[in-house]
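Below: the structure, in structure tokens.
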Amino acid sequence: MTGAAEPSVLIKVPADNHHTEKGVVEMVSQTDLAYEVFISDPIPTSVTDPIPNGELFSWSPMSTTLIYGEENAVLVDPPLTIEQAQRVGDWVERSGKHLEHIFITHGHGDHWFGSGPLVERFPGAVVLAGEDSIRLMRQQSSAEFRKAQWDNLFPGQIPPTPVLARPVPPQGFLLEGNVLHSVEVGHTDTDGTTVLHVPSIGLVVAGDVVYNGVHVYLSESADGGRAQWLQALDAVERLAPRHIVCGHKNKALPDSPSTIEETRQYIRDADRLLKETTSRIEFFDALCALHPERLNQAVVWLTATALMDAQS
């Protein structure tokens, strides 16, 4: 596997006919699609207080996916900072493909703040997202929220963040004759999340619905959120994907459908430990011990702080 400056995954799969639940055969081009994944490596934040293991708080690795045919491409989930967007733009340019669409899986800023610079760099690219995601994007990009969270964590690193996304058409959108579907799955690591389904190659770009080798952000999962997330994982599983790209992934790991069950087990473990532990540090130590292979234990401390406080 290669580093963040190069794609970590290259998959080329023949397209095939796909029947929707309504029994309609989707349009399929003679063009076969492929996808690649760019990993933006972890970056430090401005937080100076270490987490319990002594490490400073850094952001998890972020995935950006390029789905492409012979000439055109769709980019999924631009990254967070000006520098990261520049690197992703260089990567797209090296592909030689014409960028038609940018799709955003959910409203958290680390999965779309880079869309503005990329639209400037690739004029004509249309930004798409679910309507619920767009509502959250507006909240995340408000001056008040940006100042309190994003600009505080990454001073001087975040680009202007106009909400350029328009709603995805109900029938999906095309890439060289292949239909791409935005599938609404509800609450996962935040409200109003979606996945992008590419039936012709058995691909689901899952955003933060599914995690791959990285600790799962559960801070927004109180008040039934974890149960809703398990239902969302069931919805992704029903799509029968052959490849799943997770929004936060260890770049050494494949895009395996097994990540659905791995994420499901992680949520169940966290749910159980919230009942069995009585302090943040006890929860932190227990969950890290159960999942020592996952990256970025700072996320566990965020979860412990949010959820143990919610229970008290």
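The values are calculated or read from the model by the stated rules, or taken from the named source; none is laboratory data. These numbers come from a predicted model, not from an experiment. Quick reminder, even Gly has a Cβ in these numbers, built from the backbone with ideal geometry, and neighbours come from all protein chains shown. In case anyone asks, the SASA skips ligands and DNA or RNA and just uses the protein heavy atoms, side chains included. Shrake-Rupley method; radii C 1.70, N 1.55, O 1.52, S 1.80 Å.
Observations
- Members of segment 263-281 found to be open to solvent by 70 Å² or more (accessible area, probe 1.4 Å), in contact (Cβ under 8 Å) with a residue 12 or more places away in the chain and not charged (D, E, K, R), listed by number: ILE281
- Options HIS18, HIS101; residue that is surrounded by fewer than 24 Cβ atoms within 10 Å (Cβ to Cβ) and modelled with pLDDT under 95: HIS18
- Matching residues, segment 57-96, being of a type in the set (A, V, I, L, M) and without any contact (Cβ under 8 Å) to a residue 60 or more places away in the chain: LEU66, LEU75, VAL88, VAL92
- Criterion (open to solvent by less than 30 Å² (accessible area, probe 1.4 Å), of a type in the set (A, V, I, L, M, F, W, C), at pLDDT below 95 and within 18 Å of the chain's Cα centre (by Cα)) met by exactly one of ALA85, ALA4: ALA4
- Residues in segment 200-230 that are farther than 21 Å from MET62 by Cβ and either open to solvent by 10 Å² or more (accessible area, probe 1.4 Å) or part of a loop (DSSP other than H, G, I, E, B) (or both): GLY202, ALA222, ASP223, GLY224, ARG226, ALA227, GLN228, LEU230.
- When segment 282-296 is limited to residues that are in a loop (DSSP other than H, G, I, E, B) and buried (at least 17 other Cβ atoms within 10 Å of the Cβ), the one that is farthest from the chain's Cα centre (by Cα) turns out to be HIS291.
- Scanning segment 239-262 for residues that are within 21 Å of LEU218 (Cα to Cα), touching a strand residue (DSSP E or B) at 6+ places or on another chain (Cβ under 8 Å) and either open to solvent by 60 Å² or more (accessible area, probe 1.4 Å) or part of a helix (DSSP H, G or I) (or both) returns THR259, ILE260, GLU262.
- Count of residues meeting criterion [open to solvent by less than 10 Å² (accessible area, probe 1.4 Å) and not hydroxyl-bearing (Ser, Thr, Tyr)] in segment 33-50: 5
- Some residue of segment 267-284 being touching a helix residue (DSSP H, G or I) at 6+ places or on another chain (Cβ under 7 Å), acidic (Asp, Glu) and within 25 Å of ASN250 (Cα to Cα): yes
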